[in-house]
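S.K.: Handing you a structure now.
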Amino acid sequence: MSVKSAVEQWFNNLEKRPALAVTVSILWLSLIGWVAFGWNLGSIGLIDETEPLFAEASRQMFVTGDWVTPFFNGETRFDKPVLIYWCQAIAYAIIGVNEWAVRLPSAIAAMTVISLAFYTVQWCLAKQDKLEKVSRPARRYLTAFMVAAIMALNPEMIIWGRTGVSDMLLTGCMASALLCFFLGYASKGETGHWGLAIGKLGTGEEFSRSPFPNKWYLACYVLIAAAILAKGPVGIVLPGLIIAAFLLYLGKLREVLQEMRPLMGILIIFGLSAPWYALVTWRNGWGYINSFFGYHNLERFTGVVNHHSAPWYFYFLVVLLGFAPYSVYLPIAIVRLKFWQRSHWRFQERSEQLGLFAWFWFAGIFGFFSIAVTKLPSYVLPLMPAAAILVALLWSDFFPVLKTKQTLLSPPTPSLSHSSFFRVSGWVNVIFLSFLATGMFNLSHLLGRDPAVPNFRILIQQSGLPVTGGVIWLVCAVLVAGLLLNRRWNYIISINTLGFMAFLIVVLTPALFFMDRERQLPLRELSVMALQAKQPDEELVMMGFKKPSVAFYSQTQVNYLRFPQEVVQHIQNEAAKTPQPPSLLLLAEQKKFLKMDLQPDDYKNLATKGAYNLIRVPFKKRKNEKMDISFNVH
């Protein structure tokens, strides 16, 4: 028996044994989710500077019991709404204040949307097979397995699924809301089903007379409310624009709105999301409104905030690299849809319109943030699930079809194997992988200089990781080229996926440990030492760049001062106070500390780690009440 026949037979057994299908699906999703997001999730310290801002604000919420107003380092933090802080604070209560708890909400959000995408793709292809009266279990399951792998194993999802910030939480809520909408839209006339036994949904005419939308629409409304609490107005604006554009294109806006019961949906969305906004506004007044709605929403869209400007083509590069190595197949995956043939799509069954919906999803988010003036790579994270669906549906045309008597009655699935466009995409894939390999081999020359680790480029080259990464991508390029020459199209995407998994396990994860040891560990250790050494009424000052991780690991308020002159002036001011503090803890980069030119008797060195010093500056007074310390700042 050939490998292809064995695959077909195995998936045919899954079709006949739903319990086995569910078990295999859960195991696959667990494996992919663990490798991508769970493995060593909390083994690396928090990375400055954004992640510790969220972690410490959540810790303050957990410690103080104030679940309305987020605070960081004694100041209100209105950058993002409250959901991420709630999730992290709850995780603190369950597993303690640590890195696992900080990142767990992001990892769970990523795994949830991947699992729901797996279900959606499998369900839609099962419906399509039923409509066409064919049996294609191998195609259905392989496509679902592939969409989960592609969605999990790409740089954007890996980075933000392992980082304790609000971006993945927004993506999980928004993407899941859009998938739930499509499931509700495609299961018209069905009661809905929450399991993984695809194609077993019951029907019920009583639903059409119900005053409530189906379960999927209800879930969509709840998830939109969660997206609003995760990121703000964009949580409802983007899903609303995508759904409205999709339905308008098909001429089904009025029809579907009647099914969705929008009035009830609005009540659910604002009933769940509005109370916190009302409470935080009541507590903080116009300060919150101006900061969050004005600065962090309106100004980010209409102007440049925090110097985050970029050219118009910025997100083309972000998608190319952030969705690598599958991004080279996005153009053909989109062209394959022929979305411009409106009359064709209008007469398709709803369950067959998943690809078209994924295109509106992808284009809506890409276009919205391309228009926005402030640009960041994380802004287009919510389109990555749509990109994965588009590429997986492209590859579904190459997966095996189990031939039965029913299959002979239907036309075969169109093949793209003779498409010159596909061959070009395949060779672009080879070139792209070759560039990745070349970049890894020359990584030490491409990295910028890090003041915290001046010799980092030499150390990373000595580790051998760049060479290993280069070999992985070079081998992938050779294998893909060989498959193209032998016209073995269906294995190409697997080579890309396995290559990324190998790169994640063998290169990227060890590199993160290496970077943490060289860059973050010294600062983390000194912060813990500051917590242990801190005396009552003793202030902790950090000189240099603002490192929020110091506030999290020292569990104390930190006074961040950038320049030596500021620190000198601050020490003199503190020494002149009545009553006078006993001393001051100073955490600083060694080169900046040396610029203060303190005399040996003026301070006590508590510890030196990496590029940082932790010192204690005692306050001593002369009889004329002036400090017995002379500063000569260079």
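S.K.: Can you tell me how the stretch 89-134 classifies by the Cα gyration tensor, rounded, prolate or oblate, using a/c under 1.5 as the rounded cut?
M.R.: Judged from the Cα gyration tensor, the stretch 89-134 comes out prolate (a/c at least 1.5, a/b above b/c).
S.K.: With an 8 Å cut-off on Cα pairs and a minimum separation of 6 or more residues, tell me the relative contact order of the stretch 222-275 in percent.
M.R.: Once normalised by length, the contact order is 47 percent.
S.K.: Any idea what the dipole of the chain comes to, in debye rounded to 20, about its Cα centre with Lys/Arg Cβ at +1 and Asp/Glu Cβ at -1?
M.R.: 1280 debye
S.K.: Continuing with the same structure: Post the alpha-carbon centroid distance, the stretch 148-181 to the stretch 479-515, in whole angstrom.
M.R.: 21 Å
S.K.: Classify the chain as rounded, prolate or oblate from the Cα gyration tensor: take a ≥ b ≥ c as the square roots of its eigenvalues, call it rounded if a/c is under 1.5, otherwise prolate when a/b beats b/c and oblate if not.
M.R.: It comes out prolate by the Cα gyration axes.
S.K.: Sort 228-241, 381-394 for me by packing, meaning the mean count of neighbouring Cβ atoms within 10 Å per residue, highest on top.
M.R.: Result, highest mean first: 381-394, 228-241.
S.K.: Please name which of V478, Y185, Q128 has its Cα lying farthest along the dipole of the chain towards the positive end, using unit charges on Cβ (Lys, Arg +1; Asp, Glu -1) and the Cα centre as origin.
M.R.: Most positive-ward Cα: Q128.
S.K.: Additional query: Amide H to amide H under 5 Å from M542: which residues, 5+ apart in sequence or cross-chain, H placed 1.01 Å off N in plane?
M.R.: N559, Y560, L561, L587
S.K.: Within 10 Å, count the other beta carbons around each residue, average over each peptide in 280-287, 109-116, 321-328, 65-72, and list them highest first.
M.R.: 109-116, 321-328, 65-72, 280-287
S.K.: Which whole-number percent is the relative contact order of the chain (Cα, under 8 Å, 6+ apart)?
M.R.: Dividing the mean separation by the residue count of the chain yields 14 percent.
S.K.: Now for a different question. How would you rank K375, K133, K609, going from fewest to most other Cβ atoms within 10 Å of each one's own Cβ?
M.R.: K133, K609, K375
S.K.: Between L257 and K609, what is the label-to-label distance in nm when each label sits 7 Å out along the Cα-to-Cβ direction?
M.R.: 5.9 nm
S.K.: Once a ≥ b ≥ c are taken as the square roots of the eigenvalues of the Cα gyration tensor of the stretch 523-618, is the result rounded (a/c under 1.5), prolate (a/b larger than b/c) or oblate (a/b not larger than b/c)?
M.R.: Here the stretch 523-618 falls in the rounded category.
S.K.: Going by how many other beta carbons lie within 10 Å of each one, how would you line up H344, H570, fewest first?
M.R.: Starting with the residue having the fewest Cβ neighbours, the order is H344, H570.
S.K.: Quick one: if you stick a label point 7 Å off each Cα along the C-beta vector at I26 and Q535, how many nm between them?
M.R.: 5.9 nm
S.K.: Next question. Can you pull out the cysteines in the chain that have no other Cys Cβ under 4.7 Å?
M.R.: C87, C124, C173, C476
S.K.: Continuing with this model, one more query. Whose amide H sits under 5 Å from the amide H of K609, counting only residues 5 or more places off or on another chain, with H placed in the peptide plane?
M.R.: For K609, the qualifying residues are L614.
Computed from the coordinates by the stated procedures, all read-outs in this text should not be read as laboratory data. Predicted model only: the values in this text are computed from it and were never measured. Here Cβ is always computed from backbone atoms with ideal geometry, including for glycine, and neighbour counts include all displayed protein chains.
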